[in-house]
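Some notes on the structure that comes next.
The values are calculated or read from the model by the stated rules, or taken from the named source; none is laboratory data. Computed from a predicted structure; not experimentally measured. With ideal geometry, Cβ positions are generated from the backbone for all residues, glycine too; neighbour counts draw on all protein chains shown.
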Amino acid sequence: MDTELAAQINSLLAAMILLTAFGLLVQRRMNGLLHLFALQGFFLAVSTGVVGFVSGVHDLYISSILTLTMKVVLLPYILHVLMRKLKIHREVETVVKIPTTMLMGIALVIFSYHLTAPIRELSTLVTRSTLAVALATVMLGFLMMITRKHAVTQIIGFLAMENGLLFAATSATYGMPLVVELGVALDLLIAAFIFGIFFFHISTTFDSLDVDQMARLKEED
Amino acid sequence: MKINPFVTEILQIAVLLFMAPLFAGWVKMVKCWFQGRTSQSLFQPYRDIRKLLSKDVAIAENASWIFRFTPYLVFGVCIMAGGIIPVISTDLPLTATADVIALVALFAIARFFTALAGMDIGTAFGGMGSSREMTIASLAEPAMLMAVFAVSLVAKSTSLSQMAIIVSHGHSLLRPSLVFALLAFILIALAETGRVPVDNPATHLELTMIHEAMILEYSGRHLALIEWAGMMKLFLFVTLGISSFFPWGIAQTDDLTAVLAAFPVLLFKLGIVGVGLILIETGLAKMRIFRITEFLGSAFLFATLGMLSFFMLE
């Protein structure tokens, strides 16, 4: 596989990651969100593998396998079990209407493109052009956390942000040191358990996972 | 052996005129198979057109010239569009006169007059259909232009022939911008040709129809022309998609054998697209009309992402 072709495949995978990020932003159903999240993780894992192959940095293979087990299998499974226990099927409420969210997302993509333009000029890596997509994925995850009211969707937005960060690391510097990546993976796993405990607490206290309910926690004045 | 480009042009328009009903028949046939019904003959659309052509025209008393003029205009516009889109060959004299933006405008003219004719008689259904059609058009056209621009950025030209030639060289399926543009184009083509998630072409159910509501008052040869133009529009959108995203096999010279060799390839592609179209149609249910904004909004999103990824990733 020559560098040219690898760069092209990587670009396509980057485009797919961006597409799934937008999919997460507009998807209303919980199950659809989980599938999209798993799909994003899958594209990320393949992209990391391709970059690892073409750059000769073989640590990236481990990172790719880690992503595959964590983001494609383990985390979606944990979230799925949580949703079944809490009987969540779909989320209707969004703060901003979905077509407006799409336009905001497009604006964010343009913004991240402009932000990363100077870095792309300086970099010599094969993956330099995907940096804009990585930043855009982070921003879109952020936007998702802002525009959704439901606790579980906010968590998925957070995890999508983490996907974006990992992708940014891969495309900017051929990945973080392996120790850091192992640490992040462990953190995520623990975070997923803590989220689970929190979900149970929120839903038993408020009988709903709508985070707007938390406004009731403040003192009366 | 050389073939005059003007002959190719005439040949192509003949292909459009006579293969469009065949394609419509094929789509209906595959749909019947997928739904487990016995299908009508592949040539039924020809018989329908012949029957309608031989019937008398009944026109409402208060119909104006717009009502009488529209079928001819819509039919003519479709033939003109068929002269621009490279169906069997890219070596067409008419492609130099109009690019893809003009093509979008041509379809817009046809739609504008159909909507006017829908309102002309003054029946409630006509007005309802026209208003719905224009709502969809106002969302579909920007998305269509964006999708087309994404392809013309890759081809560095808005000429359809040029786009087909550039895309057919080089492994373009790996280009993110074309993948996004293709996704957007599929959504837009479904909306523009009135296929299932947006409009149901097989029904005259009053509350859901869009295109049928506008042409409800037409009869005889007027109806024949409008129906025929509808089939041509479907055919044109399919060939537009083929020539901008999968142009392999299209004739690129004025060589007779190349032009003739383009036919089986075209038939093969049309057959596959027909099956794909029906897979989409049977897999989806018709949408509520207020969900169409989201449907076409995502088409716009895909098209814009296509343009952006051209700058970002290529």
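Observations on the structure shown:
- Flag for A:Gln40 being away from chain B (no Cβ under 13 Å) and either modelled with pLDDT of 90 or more or over 16 Å from A:Leu159 (Cα atoms) (or both): yes
- Taken as a whole, the condition of being surrounded by fewer than 17 Cβ atoms within 10 Å (Cβ to Cβ) and either within 11 Å of another protein chain (Cβ to nearest Cβ) or among the small types (Gly, Ala, Ser) (or both) does not apply to A:Ala132.
Okay, residues lined up against (1) in contact (Cβ under 8 Å) with a residue 40 or more places away in the chain; (2) at the interface with chain A (Cβ under 10 Å from one of its Cβ atoms):
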residue	(1), (2)
B:Ile250	yes, no
B:Asp254	yes, no
B:Pro264	no, no
B:Leu270	yes, no
B:Ile278	yes, no
B:Gly283	no, no
B:Ile292	yes, no
B:Leu296	yes, yes
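- Flag if B:Ile242 is touching a Pro at 6+ places or on another chain (Cβ under 7 Å), buried (at least 20 other Cβ atoms within 10 Å of the Cβ), closer than 28 Å to B:Ser177 by Cβ and away from every other protein chain (no Cβ under 14 Å): no
- Segment B:57-74, residues that are in contact with a Leu (Cβ under 6 Å, 6 or more places away or on another chain) and surrounded by 20 or more Cβ atoms within 10 Å (Cβ to Cβ): B:Pro71
- Single residue of B:Val179, B:Val148 found to be buried (at least 20 other Cβ atoms within 10 Å of the Cβ), more than 22 Å from B:Gly76 (Cβ to Cβ) and more than 19 Å from the chain's Cα centre (by Cα): B:Val179
- Filtered by the rule that a residue be within 11 Å of B:Ala213 (Cβ to Cβ) and in a helix (DSSP H, G or I), segment B:120-129 gives B:Ala124, B:Phe125, B:Gly126, B:Gly127, B:Met128, B:Gly129.
- Filter result (in a loop (DSSP other than H, G, I, E, B) and either of a type in the set (D, E, K, R) or surrounded by fewer than 17 Cβ atoms within 10 Å (Cβ to Cβ) (or both)) within segment B:86-102: B:Asp91, B:Thr97, B:Asp99
- Beta carbons closer than 8 Å, at least 6 apart along the sequence or on distinct chains, pair a first residue in segment A:109-121 that is more than 10 Å from every other protein chain (Cβ to nearest Cβ) and farther than 21 Å from B:Leu301 by Cα with a second that is of a type in the set (D, E, K, R) and surrounded by 17 or more Cβ atoms within 10 Å (Cβ to Cβ) for A:Ile119/A:Arg128.
- Every residue from segment A:194-221 that is loosely packed, with under 12 Cβ neighbours inside 10 Å and either basic (Lys, Arg) or under 15 Å from A:Ala151 (Cβ atoms) (or both): A:Ile194, A:Ile197, A:His201, A:Thr204, A:Asp207, A:Ala215, A:Arg216, A:Leu217, A:Lys218
- Total residues in segment B:152-180, condition within 22 Å of B:Arg111 (Cβ to Cβ) and aliphatic (A, V, I, L, M): 1
- Residue count for segment B:103-121, restricted to those that are without any contact (Cβ under 8 Å) to a residue 40 or more places away in the chain, surrounded by fewer than 22 Cβ atoms within 10 Å (Cβ to Cβ) and either of a type in the set (Phe, Trp, Tyr) or closer than 18 Å to B:Ala140 by Cβ (or both): 5
- Scanning segment B:175-224 for residues that are of a type in the set (A, V, I, L, M, F, W, C), farther than 23 Å from B:Leu279 by Cβ and modelled with pLDDT of 85 or more returns B:Ala213, B:Met214, B:Ile215, B:Leu216, B:Leu223, B:Ala224.
- When segment B:1-38 is filtered for residues that are of a type in the set (S, T, N, Q) and either assigned to a helix (DSSP H, G or I) or crowded, with 16+ Cβ neighbours inside 10 Å (or both), the ones remaining, listed by number, are B:Thr8, B:Gln12.
- Extreme residue, farthest from the other protein chains (Cβ to nearest Cβ), among residues of segment A:20-35 that are assigned to a helix (DSSP H, G or I) and surrounded by 22 or more Cβ atoms within 10 Å (Cβ to Cβ): A:Leu33
- Only residues that are farther than 20 Å from B:Phe75 by Cα and out of contact with any helix residue (DSSP H, G or I) (no Cβ under 7 Å at 6 or more places or on another chain) were counted across segment B:207-240, and they come to 2.
- None of A:Val96, A:Val54, A:Val81 is assigned to a helix (DSSP H, G or I) and more than 28 Å from A:Pro177 (Cβ to Cβ) except A:Val81.
- Where a residue in segment A:94-106 is more than 9 Å from chain B (Cβ to nearest Cβ) and its partner, wherever it lies, is part of a helix (DSSP H, G or I) and at pLDDT 80 or above, with Cβ under 6 Å and at least six apart: A:Thr94/A:Thr147; A:Val95/A:Thr147; A:Val96/A:Thr147; A:Thr101/A:Leu25; A:Thr101/A:Thr147
- Number of residues in segment B:143-180 that are in a helix (DSSP H, G or I) and within 11 Å of chain A (Cβ to nearest Cβ) equals 9.
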